[in-house]
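Read the structure below first, then the notes.
The values are calculated or read from the model by the stated rules, or taken from the named source; none is laboratory data. For clarity, every value in this text was computed on a predicted model and none was experimentally measured. Reconstructed Cβ throughout: ideal geometry from the backbone, glycine too, with neighbour counts over all protein chains shown. Note: areas computed on protein heavy atoms with side chains; ligands, DNA, RNA excluded. Shrake-Rupley method; radii C 1.70, N 1.55, O 1.52, S 1.80 Å.
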Amino acid sequence: MSPFTKLMAVATIEFRVALRNRWLILATGVMTLFSLALTFSGAGGLELKAGILTLAAASLATLSVYLIPLIALLISYDSIAGEVERGTMALVLATPISRGVLLAGKALGLIAVLAIAIAASLTISSGAAIFAYGMDMSGLAAIVRLGLTGLLLGAVFVAIGMMISVASPRAGQAAAVAIGVWLVATVLYDLALLAGILADKDGVFTKTLFPYFVVANPGDAFRIFNLAGLENAAPVSGLDGIANTLPFSATYALAGLFAWLVAALAAGYFQIRRLTP
Amino acid sequence: MTAGTPILQIEGVGVTFADLKALQDVSFDVAPGEKLALLGHNGAGKSTLFKCVLGFLKPAAGRITVAGDAPGSDHARRSVSYLPEQVAFPRMLTGIEIITYFAKLKSVDPKEALPLLDLVGLSQAGRRRVGDYSKGMRQRLGLAQALIGKPDLLLLDEPTSGLDPVSRREFYEIIDRVAQEGAAVLLSSHALTEVEGHVDRIAILSKGRLVADGNIKALAEAAQLPITIRIKAREGQADALHDRFGGTRVNGRSVELSCEPGAKIDLVSRLTERREEIDDIDIALPSLDDIYRFYSNRAEKGDAA
Ligand SMILES: Nc1ncnc2c1ncn2[C@@H]1O[C@H](COP(=O)(O)OP(=O)(O)O)[C@@H](O)[C@H]1O
Ligand SMILES: [Mg+2]
């Protein structure tokens, strides 16, 4: 059988296990709840110049930065370490499958879980908004862009979660590291950047380095790319102000996300080749 | 590969964890169709040796070839099947899904692999989730998995520990069949009694060293373990027998003698001369556990010296 057949076999099993462990329904449920809440809470001020979906895209971009990485890490941290711990990995690695294919297949299965959760939640919330307030074409484009880049963000954190999982001897340790990574990537990093700006008013950091630091973080890169795409149609605050004053094209933020994905997968591959089950 | 060439060759293998010598200078071969039991107490190094054969661990010393290739190479992995000591499949998947999955990983058409569920007696349970299986059923599923694609070498790590006697017998019936079809079987166990009568050869590991390798009968003879003869004396004759033959008095009326295997006939004929004093005679050959203990302990004493 070709490597592709094996890749799909691994992805299918990984997806099926996530489905039966109720990860899919949980992820979809949580994301649908939040996107419905954010979409309709944005509709409060009636005489807004922007459409409801545009506003929803702006607030969803901010929320997704926390939620998508969290869900991605939760579904991936156990995928290798847990199998090593339970003894399944020894069985799998004894078969003639390449370790790279195994890693990629598992990542693919988990990314499929995220794809369904993101697509379902956005379809439900946007569908409800269109039904209630009418069509908003540019807003719909923003939502589609949000969904696709959100999936890329999720893929980055699935790859990071798997890298953590490969490197951890125990699933419990992988969970702890994953939560730590989430805290640093989504909360502490931004706080550190804000502290840097306060400490270094009008210095080199604030004037030149700051935007690069922002897009170097996958979550921020995702948010900046989406907010820049809204072209001032929605109010922004805090760090996000930079979305409108980027010294480079917002596409570079997207390139940053791809770079993270490739780097995390490469690191995971490097680790899994040395894994002793 | 020509007939008679070993499917597995292990030459002078050594593995060290930090300052623990888990394996030292271990050498043996396994031929196609041969059933070899690797015996050893917990911690003797059995699982470590399996991991070397699978290519998971790289020995610091020595050389292993599987079907003529390096362990872990694509060709070696196509030739070997493995059943780990503690097999745990994803609980949420069914037996059929697991066999289908491993068939694909081994590049075997799942349609050819699924009848293995019938072979191990899981045809009814195939649609049920593995989480609901008993330990014995999981072990059988593990065996079915290991048989996918007719491997040349089966590596079974303590496959029958925790199985009831009936399941164990069924397990060995399947092993016999695949060995007759030409597969080599290397299985580990911590008890000689568990594998007796089921394998062609045993190898004993003790603290990482190979201390015996051969068939059970030859090893028993080579051990020269004393034979125990228990004589039950007639009323009032026990003291007389004890005075004449020595040994130890047990249970009031009995005397226990022990002798070298070579001196057995001589002793028995001397006993029959006094048959009017004797009620009954029992001859106990060394048990399998005695033989096993002999080889394991001999190595440990050697260590201390
Ligand atoms: N990864 C490891 N790191 C350190 N020590 C190990 C490791 N694996 C096994 N050992 C040690 O090596 C010895 C042999 O272990 P093992 O091969 O599992 O024995 P067996 O399978 O015969 O019970 C034991 O003392 C065990 O503690
Ligand atoms: Mg063991």
Kirkwood Rh and Cα-based Rg: tell me the resulting Rg over Rh for the range A:3-138, rounded to two decimals.
1.13
Charge tally in the Cβ shell below 15 Å around A:SER126, where Lys, Arg are +1 and Asp, Glu are -1, A:SER126 excluded:
0
Taking every residue of B:267-274, the Cβ atoms of other protein chains inside 10 Å of its Cβ average out to 0
Descending packing, highest mean Cβ count within 10 Å first, for B:69-76, A:97-104, A:137-144, B:256-263 is A:97-104, A:137-144, B:69-76, B:256-263
What ³J(HN,Hα) values, in whole Hz, does the Karplus curve 6.51 cos²θ - 1.76 cosθ + 1.60 give for the range A:255-262 when θ = phi - 60°, with x put for Gly and Pro?
4, x, 4, 4, 4, 4, 4, 5
Compute the projected area of the convex hull of the Cα atoms of the range B:31-81, averaged over all viewing directions, and report it in nm² to one decimal place.
4.1 nm²
Derived scalar couplings ³J(HN,Hα) [the range A:55-64; Karplus, 6.51 cos²θ - 1.76 cosθ + 1.60; whole Hz; x for Gly, Pro]
4, 4, 4, 5, 6, 5, 4, 5, 6, 4
Summed buried accessible surface, chains B and A, 1.4 Å probe, nearest 100 Å²
2500 Å²
Treating only the Cβ of Lys, Arg, Asp and Glu as charged (+1, +1, -1, -1), what charge dipole size does the protein assembly as shown show about its Cα centre? Round to the nearest 20 debye.
940 debye
Paired Rg and Dmax values of the range A:3-272, which use every Cα atom, in angstrom
19.6, 64
Here the convex hull volume per residue of the protein assembly as shown, taken over Cα atoms and given in Å³, is 223 Å³
With Cβ to Cβ distances under 13 Å as the rule, what net charge do the other residues near B:ARG168 carry (K, R +1; D, E -1)?
-4
Cα pairs beyond 20 Å in the range B:94-173, in percent, come to 29 percent
Listed residues B:VAL80, B:PHE245, B:LEU39: farthest to the positive end of the dipole of chain B (Cβ charges):
B:VAL80
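How long are the three semi-axes of the equivalent ellipsoid of the range B:1-134, in whole Å, if each is the root of 5 times an eigenvalue of the C-alpha gyration tensor, listed from largest down?
Calculated on Cα positions only, the semi-axes equal 31, 19, 13 Å.
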Counting sequence-distant residues (5 or more places) and residues on other chains, those with an amide H built under 5 Å from that of B:ALA31 are B:ILE7
Hey, what D do you get for chain B in µm²/s if you plug the Kirkwood alpha-carbon radius into Stokes-Einstein at 20 °C and 1.002 mPa s?
98 µm²/s
Students often check this: by mean Cβ neighbours within 10 Å, which of A:199-207, A:183-191 ranks highest, and how do the rest follow?
A:183-191, A:199-207
Expressed as a percent, the accessible surface of the protein assembly as shown that is carbon or sulfur, using a 1.4 Å probe and the full set of protein chains, is 58 percent
Quickly estimate the mean residue ellipticity at 222 nm for chain B, helices only: each DSSP H run with n ≥ 4 gives -39500 (n - 2.57), and the total goes over all residues, rounded to 500.
-10500 deg cm²/dmol
Give me the net charge of A:LEU110's neighbourhood, meaning all other residues with Cβ under 11 Å from the Cβ of A:LEU110; Lys, Arg count +1, Asp, Glu -1.
-1
At 1.567 mPa s and 4 °C, plugging the Kirkwood radius over alpha-carbon pairs of the range B:50-116 into Stokes-Einstein gives what diffusion coefficient in µm²/s?
95 µm²/s
If you count, for each residue, the other Cβ atoms within 10 Å and average over each peptide, how do B:11-22, B:43-54 line up from highest to lowest?
B:43-54, B:11-22
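Please compute the per residue accessible area over chain A with all protein chains in place, 1.4 Å probe, rounded to a whole number of Å².
43 Å²
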Taking Cα atoms, the helix B:264-273 axis meets the longest principal axis of chain B at an angle in degrees (rounded to 10) of 30 degrees
Using only Cα atoms, tell me the angle between helix B:135-147 and the longest principal axis of chain B; keep it within 0 to 90° and round to the nearest 10.
60 degrees
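Report for the range B:8-220 the percent antiparallel among DSSP-assigned beta bridges with both residues inside it, nearest 5.
Antiparallel: roughly 55 percent of the beta bridges in the range B:8-220.
Over the whole of A:91-104, what's the average partner chain Cβ count within 10 Å per residue? Rounded to a whole number, please.
Per residue, the number of nearby Cβ atoms from other chains is 6 on average.
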Chain B - accessible surface per residue (Å², probe 1.4 Å):
47 Å²
At 10 °C in a medium of viscosity 1.306 mPa s, the range B:226-285 has a Stokes-Einstein diffusion coefficient, with Rh taken as the Kirkwood radius over alpha carbon pairs, in µm² per second, of 141 µm²/s
Among beta bridges that DSSP assigns inside the protein assembly as shown, antiparallel share in %, nearest 5:
65 percent
Helix-derived [θ] at 222 nm for chain A: sum -39500 (n - 2.57) over DSSP H runs of at least 4, divide by residue count, nearest 500?
-25000 deg cm²/dmol
Ignore the peptide's own chain and count Cβ atoms of other chains within 10 Å of each Cβ in B:145-151; give me the average, rounded.
1
Cross-link reach from B:LYS106 to aspartates and glutamates, straight Cα distance under 15 Å and at least 8 residues apart if same chain, gives B:ASP74, B:GLU97, B:ASP152
